[in-house]
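Working notes for the structure below.
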Amino acid sequence: QKTIKENPGRPDNEIEEEILGFDHALVGSYLAQKWNLPEELVGAIKYHHNPEEDPDSSTTHIINVSNYLCLKSEESGDLKTKSDRKAVLCQLSWDRLGLDTEREKQLIQLLQDEYAKAETFLKMAQGD
């Protein structure tokens, strides 16, 4: 985590690769394969940061855009847990899903609203 904070302009997976020689996507795909998950999911997990390597998989593109939108919602929102992680979007995924900047804004707002609801629910559940 310290290294990620020291490199806010770099994606996590690049830092992981540099330090460990592999990233969380590779570990996740390995586990998915061991757990006998469908190959579509194994590939999507493995390539969600590099969807150009799995260009025909809608699942991979959906995960790439979802990851991007979640990180963007953390960057632009008024959330208690700000992320130092950089949101990286693959233009191929964006185009493949037919999204535009107006829809991006709507989805980010939706994510921020849902996060706030979840946070409120958790506080209530904890008796705060």
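The values are calculated or read from the model by the stated rules, or taken from the named source; none is laboratory data. Since we're looking at a predicted model, the values are computed, not measured. All Cβ positions, glycine included, derive from the backbone under ideal geometry; neighbour counts span all protein chains shown. Keep in mind that these areas ignore ligands, DNA and RNA; they rest on the heavy atoms of the full protein, side chains included. Shrake-Rupley method; radii C 1.70, N 1.55, O 1.52, S 1.80 Å.
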Checklist outcome for this item: How many residues of segment 45-63 are open to solvent by less than 60 Å² (accessible area, probe 1.4 Å), touching a residue at least 40 places away in the same chain (Cβ under 8 Å) and either at positive phi or part of a helix (DSSP H, G or I) (or both)? The answer is 1
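Just checking, does segment 1-8 include any residue being closer than 17 Å to L92 by Cβ, open to solvent by 80 Å² or more (accessible area, probe 1.4 Å) and out of contact with any strand residue (DSSP E or B) (no Cβ under 6 Å at 6 or more places or on another chain)? Show your work before the answer.
Initially, segment 1-8 is screened for residues closer than 17 Å to L92 by Cβ, giving none.
No, segment 1-8 contains no residue that is closer than 17 Å to L92 by Cβ, open to solvent by 80 Å² or more (accessible area, probe 1.4 Å) and out of contact with any strand residue (DSSP E or B) (no Cβ under 6 Å at 6 or more places or on another chain).
This table checks each residue for (1) modelled with pLDDT of 90 or more; (2) surrounded by 10 or more Cβ atoms within 10 Å (Cβ to Cβ).
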residue	(1), (2)
G77	no, yes
D84	no, yes
A87	no, yes
C90	no, yes
S93	yes, yes
T120	yes, yes
D128	no, no
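Being open to solvent by less than 80 Å² (accessible area, probe 1.4 Å), at pLDDT 90 or above, under 16 Å from the mean Cα position of the chain (by Cα) and not β-branched (V, I, T): is that true of S66 here?
Details: open to solvent by less than 80 Å² (accessible area, probe 1.4 Å): yes; at pLDDT 90 or above: yes; under 16 Å from the mean Cα position of the chain (by Cα): yes; not β-branched (V, I, T): yes.
Criteria met by S66.
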Checklist entry - Counting only residues that are open to solvent by 40 Å² or more (accessible area, probe 1.4 Å), of a type in the set (S, T, N, Q) and under 28 Å from G9 (Cβ atoms), how many does segment 27-44 have? => result 0
